[in-house]
Amino acid sequence: MTTIFSKIIQGQLPAEKVFENARILAIKDLHPVAPVHILIMPKKNIPDLQSLEEEDLPLLQEIFLVAKRLAKEFKVENGYRFLTNNGPLAGQTIFHLHFHLIGGKQLTHGLG
Ligand code: 5GP
């Protein structure tokens, strides 16, 4: 499926990139909910976490390490949230797997 994120990955739409390698892209969220709000995604077209296959696990490992690195770079390593929304009921709006790295303020307790 073509999504906004696959177009960003292919360079057809602009985004503020904060990390990129051959497999992973991290961009600033267009509508940040906190001073730091970064989206980290695989370049591979995976719609959501439920679509993940065992062969994709190295991508997840790398995404977590990129999150750790960006948390330090953006000085939120002492408090941030790292999550993915899976499916419409969870609030997923773009069906290309991505993880939100959110921090830079006191985050409210509770996720529901
Ligand atoms: P979801 O709701 O799927 O978990 O997260 C999608 C995120 O993408 C939202 O936080 C939304 O603000 C962000 N977003 C939507 N459109 C764009 C865009 O064109 N560029 C960027 N950088 N972020 C976007």
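The values are calculated or read from the model by the stated rules, or taken from the named source; none is laboratory data. These figures come from a predicted structure and were not determined experimentally. Virtual Cβ from ideal backbone geometry, glycine too; neighbours counted across all protein chains shown. Just so you know, the surface numbers come from the protein's heavy atoms only, side chains and all, with ligands and any DNA or RNA stripped out. Shrake-Rupley method; radii C 1.70, N 1.55, O 1.52, S 1.80 Å.
Helix 57-73 versus the longest principal axis of the chain: what is the Cα-based angle in degrees, 0 to 90, to the nearest 10?
30 degrees
Which semi-axes, in whole Å and largest first, does the equivalent ellipsoid of the stretch 62-112 have when worked out from the alpha carbon gyration tensor as the square roots of 5 times its eigenvalues?
On the way: eigenvalues 89, 47, 10 Å².
For the stretch 62-112, the semi-axes come out at 21, 15, 7 Å.
Please state, rounded to one decimal and in Å, the Kirkwood hydrodynamic radius that the stretch 1-73 gives when every pair of distinct Cα atoms enters the mean of 1/r. Mind dumping the intermediate values first?
Working: mean 1/r = 0.0772 Å⁻¹.
Kirkwood hydrodynamic radius for the stretch 1-73: 13.0 Å.
Rounded to a whole number, what % of the accessible area of the stretch 1-74 do carbon and sulfur atoms account for, probe 1.4 Å? Display every interim value, and only then the final one.
On the way: 2520 of 4530 Å².
Here it works out to 56 percent.
Picking from G79, G11, G87, which is most flexible by a Gaussian network model of the chain using Cα springs under 10 Å?
G11
With charges set only on the Cβ (+1 for Lys and Arg, -1 for Asp and Glu), what does the dipole of the chain come to about its Cα centre, in debye to the nearest 20? Before the final figure, lay out the partial values.
Details: 12 positive and 11 negative charges, 89 e Å.
For this selection, approximately 420 debye.
Between Q61 and T84, what is the spin-label point distance in nm, taking each point 7 Å from the Cα along the Cα→C-beta axis?
1.6 nm
Set Lys and Arg Cβ to +1 and Asp and Glu Cβ to -1, take the dipole of the chain about its Cα centre, and tell me which of Y80, Q92, V66 lies farthest positive.
Y80
Calculate, in nm to one decimal, what V33 and L107 gain on full extension: separation in residues at 0.36 nm each, minus their alpha carbon distance.
25.7 nm
Going by amide H atoms built from the backbone, whose H comes under 5 Å of the H on L25, apart from near neighbours?
M41, K43
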